[in-house]
Amino acid sequence: LHTAYRRQRQMCIRDRTITILGDLESVIGSLDLATLGDGLESVINDGYTIKEALTNRHLLMRDLVTAQSNTKLKHENARKLRNKRDINPIKVDEAIRSLQEATNYEEELTLKIKRITENMLIEKKEYLEYLDILIKQILKEFVIKRIEYERKKLSILEKVRLDVRLVDENGGLSRLGREK
């Protein structure tokens, strides 16, 4: 009767310990997702914003290439008008005005792209420093929380250690082929 009671108690302790450890592992899994997932989602969102800024810069650069070819075309038209024998002053004025507009637009885009590029280079340095700090902070928080939960898990196992030792006269480890 005494051994039956002891086995029943052993099974009850084992089941309770397994349930508690399972719950704790579930909490640890959720912690991993929350700590790392939320932090890395912030990094991903920042990356998306950077990608959009680079895309906008690329579109401006494409517009600049178009503006440069347009300016070159207007310049050719003005040169052709100048080489003609009978020059129409209205067409010449129109060609010059069109060339100036194209040149002004090209210069405007060039300055805009230069300013954006300089700002991006400055922001790149700042962002990389921020990213370094953020990732270290995310990992530090993750590791600290993970250590806390591993300590809780260890304390639960420590509570049942004596009960495991009392299971049999060999210290509860005889089923594992181990000695005291």
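The values are calculated or read from the model by the stated rules, or taken from the named source; none is laboratory data. Quick caveat, the model's predicted, so the values are computed rather than measured. No Cβ is skipped: glycine too gets one built from the backbone with ideal geometry, and neighbour counts run over all protein chains shown. Accessible surface is based on the protein model in full, side chains and every heavy atom, while ligands, DNA and RNA are left aside. Shrake-Rupley method; radii C 1.70, N 1.55, O 1.52, S 1.80 Å.
What is the number of the single condition among (1) closer than 30 Å to Val143 by Cβ; (2) not in a helix (DSSP H, G or I); (3) not acidic (Asp, Glu) that Ser42 does not meet?
(2)
The rows are residues; the columns are (1) polar (S, T, N, Q); (2) closer than 30 Å to Met120 by Cβ.
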| position | (1), (2) |
| --- | --- |
| Arg9 | no, no |
| Cys12 | no, no |
| Asp23 | no, no |
| Ser26 | yes, no |
| Thr35 | yes, no |
| Gly39 | no, yes |
| Ile44 | no, yes |
| Tyr48 | no, yes |
| Lys51 | no, yes |
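If we keep just the residues of the stretch 132-144 that are touching a residue at least 24 places away in the same chain (Cβ under 8 Å) and β-branched (Val, Ile, Thr), which is most open to solvent (accessible area, probe 1.4 Å)?
The extreme case among them is Ile135.
Just for the stretch 76-106: of the residues that are open to solvent by 100 Å² or more (accessible area, probe 1.4 Å) and under 52 Å from the mean Cα position of the chain (by Cα), which one is modelled with the lowest pLDDT? So that I can check it myself, show each step before the final result.
Restricting attention to the stretch 76-106, the residues satisfying the condition of being open to solvent by 100 Å² or more (accessible area, probe 1.4 Å) are 80, 82-86, 90-91, 94, 97, 100-101, 105.
Cutting the leftovers down to under 52 Å from the mean Cα position of the chain (by Cα) gives us 97, 100-101, 105.
Details: Arg97: 91, Gln100: 94, Glu101: 94, Tyr105: 96.
If we take residues in the stretch 76-106 being open to solvent by 100 Å² or more (accessible area, probe 1.4 Å) and under 52 Å from the mean Cα position of the chain (by Cα), then Arg97 is modelled with the lowest pLDDT.
Identify all residues within the stretch 145-163 that are open to solvent by 70 Å² or more (accessible area, probe 1.4 Å) and under 19 Å from Arg16 (Cβ atoms); write none if there are none.
Lys152, Leu154, Leu157, Glu158, Lys159, Arg161, Leu162
Looking at Asp23, Asp32, which one is under 28 Å from the mean Cα position of the chain (by Cα) and either in contact (Cβ under 8 Å) with a residue 12 or more places away in the chain or open to solvent by 70 Å² or more (accessible area, probe 1.4 Å) (or both)? Step through it out loud before you land on a result.
Working: Asp23 fails: under 28 Å from the mean Cα position of the chain (by Cα).
Among Asp23, Asp32, only Asp32 is under 28 Å from the mean Cα position of the chain (by Cα) and either in contact (Cβ under 8 Å) with a residue 12 or more places away in the chain or open to solvent by 70 Å² or more (accessible area, probe 1.4 Å) (or both).
Give the stretch 54-72 a look and list any residue that's among the hydrophobic types (A, V, I, L, M, F, W, C), open to solvent by 40 Å² or more (accessible area, probe 1.4 Å) and either in contact (Cβ under 8 Å) with a residue 24 or more places away in the chain or not in a helix (DSSP H, G or I) (or both), or say none.
Leu54, Met61
Condition first: over 30 Å from Glu158 (Cα atoms) and part of a helix (DSSP H, G or I). Can you find one or more residues in the stretch 25-37 that meet it?
Yes, the stretch 25-37 contains a residue that is over 30 Å from Glu158 (Cα atoms) and part of a helix (DSSP H, G or I).
Taking the residues in the stretch 114-131 that are open to solvent by less than 80 Å² (accessible area, probe 1.4 Å) and under 13 Å from the mean Cα position of the chain (by Cα) as candidates, determine which candidate is farthest from Asp38 (Cα to Cα).
Restricting to residues being open to solvent by less than 80 Å² (accessible area, probe 1.4 Å) and under 13 Å from the mean Cα position of the chain (by Cα), the top hit is Tyr127.
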